[in-house]
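Student: Here it is, the structure, as structure tokens.
No lab work stands behind these numbers, since they all come straight from the coordinates. Predicted model only: the values in this text are computed from it and were never measured. With ideal geometry, Cβ positions are generated from the backbone for all residues, glycine too; neighbour counts draw on all protein chains shown.
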Amino acid sequence: MNHSINYSMNHSINYSMNHSINHPINHPINHPLDDQLDDRKASFELAFDSDSLVEFTQQLVRIPSVFDEARGLNEELVAQCIGEKMRSFGWTPQFDRVAPGRPNVFAVIEGDRPGPTLMFEGHSDVVTEGDPRRWSHDPFGAEIADGKLWGRGSADMKSGVAAMLFAADTVVRSGSFPGRIVVAALADEEGMMAGAKDFVARGRMDGVDGVICCEPEGGEICHVAKGALRLRIDFSGAMAHGAMPFQGRNPNRAVGSVLGALADLQDELQALHGDHQYLGKLWITPTVLRAGEPAQMNVMPGEASMWVDVRTIPSVDHDSFVVDVRSLISGVARAHQIDTVLTVIDDRPAVSMGEDHLLVRSLWNAHAAVYGSPPSLGGVPGATDGTVLTSRSGVPSVVYGPGGKWIAHQADEFVEVDEIISYCAVYADAAHRFLGSEALPS
Ligand SMILES: [Zn+2]
């Protein structure tokens, strides 16, 4: 590596002033952006207190921000804690009440001259820890052992939230930057993403030019994300005695036909759209079926319902997909002489950003500068707040954050402590690159 990262006694990261980026000829990743690896000299010195960063991550993990009404848990305390940290950096935190006990918290930091607006985004909620006996560390203890910080939310995504806050502070303290930085920790990502929806609905995305979602992606810059649709189909026929089914109309027969037809539709669309390079196939998965009562086995029910989880790739247009499903269902309904209602419970279109988008390039070059080797591009298999922010506001988003891609929601969730520190450095460097792009010589 030509550049050096020195962990000095006060644990700050110092870039040598003349660092340039190592550009290995035979690195395993072949990507066009490799040729554009930026070797301009760092015009600023990154310096943040990595001990405080790690301590703050621990502080966040120790607040169980699971949304669980039975246990009286929500995002209130963690949002207050994030707001306090923002205040300590000299920013003014703002709170939007998404639901009782479920605030979004964010701050807007103005640069010293006009320029673009970059937003760092994270979510403040975590999923349940599940059975604590399945953990070898206290799920909310934030213990550090073997170079790892353990606990629910350590990867997904309190380390990302902490790193983005400290990165923004680092940029501010570097003395000068154009444009604006928005730092937002939103509620309910693990549920229906009400925080992100609320953020867009209040116009908070107005003027934002790009979003970095700090979700754990194992070193990948995820410029594409799968889309998702949640559908509910209600079937109504007429109930009858099981001994005289001909006197009613059985919705369960229609449910069976729809299940078969959806499997055929999945085959057809998979063949049509193929495998996406980063996202794989689209999937149409019936997840929940409801009809009748086990205690009433001799009653043919009059009603049935089905829930379907659809995961799409960018070439699938959600509106025409829903039209296809609607016509498939009406065909079945006619054949079985029953009524059907299709409800779209949630609609999150796929995100697809160009590999050469400034946001992607800024992160790419920053990652390469900090790590000394290029990252890889990737795709998000699920949906994140970025999906909602991009589809509802049109602002491009990229997902990139500390922690393994597959560790989220598991017992013994952890993040490498070094990663929290490195990602903070990458975020700060990427912010300078993104915000200062207009001032760079072409
Ligand atoms: Zn997450």
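Student: Give me the strands (runs of 3 or more DSSP E) completely within region 346-430, filtered to those with at least 2 residues that are in contact with a Phe, Trp or Tyr (Cβ under 7 Å, 6 or more places away or on another chain), ordered by residue number.
Tutor: Hits in region 346-430: 376-380.
Student: Also, I was wondering about something else. Within region 141-160, how many residues turn out to be buried (at least 23 other Cβ atoms within 10 Å of the Cβ) and farther than 19 Å from residue 217 by Cα?
Tutor: 1
Student: Going by the structure shown, is residue 362 more than 25 Å from residue 252 (Cβ to Cβ), in contact with a helix residue (DSSP H, G or I) (Cβ under 6 Å, 6 or more places away or on another chain), polar (S, T, N, Q) and surrounded by 18 or more Cβ atoms within 10 Å (Cβ to Cβ)?
Tutor: Numbers: more than 25 Å from residue 252 (Cβ to Cβ): yes; in contact with a helix residue (DSSP H, G or I) (Cβ under 6 Å, 6 or more places away or on another chain): yes; polar (S, T, N, Q): yes; surrounded by 18 or more Cβ atoms within 10 Å (Cβ to Cβ): yes.
Considered against the rule, which asks whether it is more than 25 Å from residue 252 (Cβ to Cβ), in contact with a helix residue (DSSP H, G or I) (Cβ under 6 Å, 6 or more places away or on another chain), polar (S, T, N, Q) and surrounded by 18 or more Cβ atoms within 10 Å (Cβ to Cβ), residue 362 comes out as yes.
Student: Could you check region 204-229 and list, in sequence order, the residues that are buried (at least 21 other Cβ atoms within 10 Å of the Cβ), of a type in the set (A, V, I, L, M, F, W, C) and not in a loop (DSSP other than H, G, I, E, B)?
Tutor: Correct list: 211, 212, 213, 221, 222, 224, 225, 229.
Student: Go through the residues of region 230-246 one by one and say whether even a single one is touching a residue at least 40 places away in the same chain (Cβ under 8 Å), in a loop (DSSP other than H, G, I, E, B), within 16 Å of the ligand (Cβ to nearest atom) and not polar (S, T, N, Q). Quick ask: steps written out before the conclusion?
Tutor: Our first condition is that a residue be touching a residue at least 40 places away in the same chain (Cβ under 8 Å); within region 230-246, this holds for 230-243, 245.
Still in the running and in a loop (DSSP other than H, G, I, E, B): 237, 239, 242-243.
Narrowing further to those that are within 16 Å of the ligand (Cβ to nearest atom): none.
Looking through region 230-246, none of the residues is touching a residue at least 40 places away in the same chain (Cβ under 8 Å), in a loop (DSSP other than H, G, I, E, B), within 16 Å of the ligand (Cβ to nearest atom) and not polar (S, T, N, Q).
Okay, residues lined up against (1) touching a residue at least 24 places away in the same chain (Cβ under 8 Å); (2) closer than 26 Å to residue 171 by Cβ; (3) of a type in the set (Ser, Thr, Tyr); (4) crowded, with 18+ Cβ neighbours inside 10 Å:
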position: 346; (1), (2), (3), (4): yes, no, no, no
position: 350; (1), (2), (3), (4): yes, no, no, yes
position: 356; (1), (2), (3), (4): yes, yes, no, no
position: 367; (1), (2), (3), (4): yes, yes, no, yes
position: 370; (1), (2), (3), (4): yes, yes, no, yes
position: 401; (1), (2), (3), (4): yes, yes, no, yes
position: 408; (1), (2), (3), (4): yes, no, no, yes
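Student: Sort out which residues of region 209-229 are away from the ligand (no atom under 16 Å from the Cβ), of a type in the set (A, V, I, L, M, F, W, C) and more than 30 Å from residue 417 (Cβ to Cβ), and write them in order of number.
Tutor: Residue satisfying the conditions is 229 alone.
Student: I need the full set of residues from region 60-88 which are outside any helix (DSSP H, G or I) and touching a helix residue (DSSP H, G or I) at 6+ places or on another chain (Cβ under 6 Å), in order please. Break it down into steps so the answer makes sense when it comes.
Tutor: Of region 60-88, the ones outside any helix (DSSP H, G or I) are 62-68, 72-75.
Listed by number, the residues that qualify are 63, 65.
Student: For residue 190, only one of the following conditions fails: (1) closer than 20 Å to residue 380 by Cα; (2) crowded, with 24+ Cβ neighbours inside 10 Å; (3) within 16 Å of the ligand (Cβ to nearest atom). What is its number?
Tutor: Only one criterion is unmet by residue 190, namely (2).
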